[in-house]
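The values are calculated or read from the model by the stated rules, or taken from the named source; none is laboratory data. What you are looking at is a predicted structure, and each value in this text was computed from that prediction instead of being measured. All Cβ positions, glycine included, derive from the backbone under ideal geometry; neighbour counts span all protein chains shown.
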Amino acid sequence: MIDLEVLRRVSDTLEARKSANPDSSYVSSLYAKGNDAICKKVAEEAAETIMAAKDGDRLHLVREVVDLWFHSLVLLRHHGLGVDDVVAEFRRREGISGIDEKNARNK
Ligand SMILES: N=c1c2ncn([C@@H]3O[C@H](COP(=O)(O)OP(=O)(O)OP(=O)(O)O)[C@@H](O)[C@H]3O)c2ncn1[C@@H]1O[C@H](COP(=O)(O)O)[C@@H](O)[C@H]1O
C-alpha cells in the first residue's frame, strides 16, 4: 500500500508558502494572484492531462496528472482545505454504493 505522507508533506509546504515571498516561491506567487488565477492553472493542467491521455505516452500522462493534483492541492490550501479532507471524502464514499451514493450526493 502506498502511503499518503508525500502528499501531506507537499500540503504542509503549500501551507508554509502562504507566508513566503511571492518573488521567491512559485506557490506564493500563485496565492498572491488569487482564486481565479489558481482555478485557471487547474483548468490548464486538466486540459494538458486530457491531451496526454490521447498521445499514448503513459509517463507524460502521469506527469500531467501530478501537475493537476499539485495545482488542485494549491487550490484546496487556498480555501483552507488539504489532503486529509479529500481522503476523508474518499473514505466516506467507500461506504456508499449504488442508489445510496446518488442520494448522498444530492444531500
Ligand atoms: N510539486 C511541485 C510542482 N509541480 C509543478 N510545479 C510548477 O508548476 C508549474 C506548472 O506550470 P506549467 O506546466 O503550466 O508550465 P509553465 O508554462 O512553465 O508554468 P506557468 O508559466 O504557466 O506558471 C511550473 O512552474 C512547475 O515548476 C511545482 N512547483 C512546486 N512543487 C512543490 O511545491 C513546493 C513549493 O514550491 P515553491 O513555492 O516554488 O517553493 C516545492 O518544494 C515542490 O515540492
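Consider the stretch 1-15. How many of its residues are surrounded by 13 or more Cβ atoms within 10 Å (Cβ to Cβ) and either near the ligand (Cβ under 9 Å from one of its atoms) or of a type in the set (S, T, N, Q) (or both)?
Of the residues in the stretch 1-15, 4 are surrounded by 13 or more Cβ atoms within 10 Å (Cβ to Cβ) and either near the ligand (Cβ under 9 Å from one of its atoms) or of a type in the set (S, T, N, Q) (or both).
For the subset of the stretch 41-59 comprising residues that are more than 9 Å from the ligand (Cβ to nearest atom), surrounded by 13 or more Cβ atoms within 10 Å (Cβ to Cβ) and closer than 13 Å to H71 by Cβ, which member is farthest from the chain's Cα centre (by Cα)?
Checking each candidate, the answer is T49.
Out of the stretch 69-80, which residues are within 13 Å of the ligand (Cβ to nearest atom) and either outside any helix (DSSP H, G or I) or of a type in the set (S, T, Y) (or both)?
S72
Based on what the data block shows, is S28 surrounded by fewer than 12 Cβ atoms within 10 Å (Cβ to Cβ), over 20 Å from E89 (Cα atoms), within 11 Å of the ligand (Cβ to nearest atom) and not charged (D, E, K, R)?
no
Can you list residue pairs whose Cβ atoms sit under 7 Å apart, with the first residue in the stretch 33-56 being under 20 Å from R17 (Cβ atoms) and the second being part of a helix (DSSP H, G or I) and among the hydroxyl-bearing types (S, T, Y)? Count only pairs 6 or more apart in sequence or on different chains.
V42/S72
Quick test for you: out of V66, V83, pick the one residue that is at pLDDT below 95 and either within 16 Å of the ligand (Cβ to nearest atom) or surrounded by 10 or more Cβ atoms within 10 Å (Cβ to Cβ) (or both).
Step by step, each of V66, V83 is checked, and only V83 is at pLDDT below 95 and either within 16 Å of the ligand (Cβ to nearest atom) or surrounded by 10 or more Cβ atoms within 10 Å (Cβ to Cβ) (or both).
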